[in-house]
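> There's a structure below that I have some questions on.
The numbers here are math on the coordinates, done by the rules we state, and not lab data. Quantities reported herein were computed from a predicted structural model and do not represent experimental measurements. Neighbour counts are summed over all protein chains in view; Cβ atoms, including those assigned to glycine, are modelled from backbone coordinates with ideal geometry.
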Amino acid sequence: MTHPIHQPVVDIINEAIGFMDDFMRMKIDLYGYSQKLREIDVDTLLEKYKTDFKKKPQLVYYLDALMLLSSLQHQLDFQIAEYGANVASEDIKCLREILDKLYAM
């Protein structure tokens, strides 16, 4: 049986990969990318399941995904300035790896 956090996190990851891909393909600009990233409600899931994250080590990949997206939300301007627009390609790769691990559970 999967944990209740499974589907919301999978949905968020897929949504993020989608708009990151759009950004990389120049279908949306940096402003649109930033807006979509900030619209993802990562903080609610982090707060709702914080006790579970502490007590259930099997949820580590869910936490990893949420922390990655939270970090992006708060550091996007720095990352773009530091690494350029291609920074999204590494983020997509990381999110896909996490998604693979979630499906393998």
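> How big is the C-alpha Rg of the stretch 42-105 next to the rule-of-thumb value 2.2 N^0.38 Å, as a ratio?
Working it through for the stretch 42-105, the quotient is 1.23.
> Sticking with this structure for a sec: Per-residue ellipticity at 222 nm for the chain, helices alone: DSSP H runs ≥ 4 residues times -39500 (n - 2.57), over residue total, nearest 500 deg cm²/dmol?
-26000 deg cm²/dmol
> Next up: Have a look at 44, 89, 79 and report the one farthest towards the positive end of the charge dipole of the chain, computed about the Cα centre with Cβ charges (Lys/Arg +1, Asp/Glu -1).
44
> Pairs 55/101; 56/101; 54/93; 56/93: which are spaced more than 23 Å apart, C-alpha to C-alpha?
Beyond 23 Å between Cα atoms: 54/93; 56/93.
> Once fully extended, how much extra length lies between residue 101 and residue 89, figured as 0.36 nm per residue of separation less the alpha-carbon to alpha-carbon distance?
Separation in residues times 0.36 nm, less the Cα-Cα distance, equals 2.4 nm.
> Kindly write out, for the stretch 88-105 in residue order, the coupling ³J(HN,Hα) from the Karplus curve 6.51 cos²θ - 1.76 cosθ + 1.60 (θ = phi - 60°), rounded to whole Hz, with x marking Gly and Pro.
So the J values, rounded to whole Hz, are 5, 5, 5, 5, 4, 4, 4, 5, 5, 4, 5, 4, 4, 5, 5, 6, 7, 6.
> Here is a further query. With charges only on Cβ, +1 for K and R and -1 for D and E, what is the dipole size of the chain about its Cα centre, in debye, rounded to 20?
380
> I need the phi-derived Karplus couplings for the stretch 35-48: 6.51 cos²θ - 1.76 cosθ + 1.60, θ = phi - 60°, integer Hz, Gly and Pro marked x.
Rounded to whole hertz, the list is 4, 5, 5, 6, 6, 5, 8, 6, 4, 5, 5, 4, 6, 4.
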